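These notes are about the structure you will find just below.
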Amino acid sequence: MQLAQDSYGAAGAAPPLLIVHGLFGSARNWGAIAKRLSNDRHVIAVDMRNHGSSPWAESHDYPAMAADLAEVVGAQGAPMDVLGHSMGGKAAMMLALVRPDLVNRLLVADIAPVAYTHSQSHLIAAMSRLDPASFSARSDADAALAENVTDPGVRAFLLQSLDLRSTPPRWRLNLDVLDREMDKITGWPGSVQGEFNRPTLFLNGAKSDYVLPEHRPAIKVLFPNAKFAKIPNAGHWLHAEEPRAFEQTTRAWFD
């Protein structure tokens, strides 16, 4: 599947960097960070399948997402550094495990190669209740979404995928498939084997509980050269909550 891409910078001394967003996100969410990181390298941020401007598909599992990413890297003609957050981190891990020849260094932001018990289907239900065509302004959609999503930061994030300019207005998310495939998104394939022996950083928010000490054995089996770091005062959305610290750590790791 050919993913939609945002491209920044030009080829430089550093290897090109691929940025992979999380669930309900898009390449656009990473624009500021991608632009700053592109001062000495080419940076590509993608819209994952069923997100943003990329094609929709009936499947949304990690082998399929890794295959999509492999197409992006393959088109560059050389391995890339890869940064993935949350769902995108799992897709990036899968890419590194099944196609290690395509990945130089890996940064996994606030996720582990394990199955989680939480679900984001309640957010899908909240978005599905809204009729995008009934809103003339994003503020009206925010007020309607607030009836079921109380956190203003979460609403602001979700509303970035509401396209009021399209005809008709629509969510740039395949909500039906994402809901149906939620167990695969929060899960992790038990059949995954192999190792990625190149440098891998698991960068977590200090306030997040997505990557716990008990996850480290599972991480080390697949990523024996994994290192771990935390960004203080950040939760799961560490790149949005502490963007400068995230950028500095990312730059130090890949440089």
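Here are the numbers:
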read-out: Counted charge near Glu241, where neighbours are those whose Cβ lies closer than 12 Å (Asp, Glu -1; Lys, Arg +1); value: 0
read-out: Compactness of the range 1-157, expressed as Rg and Dmax over alpha-carbon positions, Å; value: 16.8, 50
read-out: Interchain or long-range residues, amide H under 5 Å from Gly187's placed H; value: Tyr116
read-out: Overall dimensions of the range 49-125 by Cα: Rg and Dmax, Å; value: 13.1, 41
read-out: Net charge dipole size for the chain [Lys, Arg +1 and Asp, Glu -1 on Cβ; Debye, nearest 20]; value: 560 debye
read-out: Extreme residue, positive dipole direction of the range 1-142, given options His85, Ala66, His42 (C-beta unit charges); value: His42
read-out: Fraction of antiparallel bridges per DSSP, the range 108-255 only, in percent to nearest 5; value: 20 percent
read-out: Normalised per residue, the volume of the convex hull around the Cα set of the range 148-255 (Å³); value: 179 Å³
read-out: Thr117 accessible area, assembled protein chains, probe 1.4 Å, Å²; value: 150 Å²
read-out: Peptides ranked, highest mean first, by Cβ atoms within 10 Å: ranges 98-110, 68-80, 50-62; value: 98-110, 50-62, 68-80
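The values are calculated or read from the model by the stated rules, or taken from the named source; none is laboratory data. Keep in mind that this is a model prediction, so the values were computed, not measured. Please note: Cβ atoms are built from the backbone with ideal geometry, for glycine as well, and neighbour counts cover all protein chains shown. Surface areas here come from the heavy atoms of the whole protein model, side chains and all, with no ligands, DNA or RNA. Shrake-Rupley method; radii C 1.70, N 1.55, O 1.52, S 1.80 Å.
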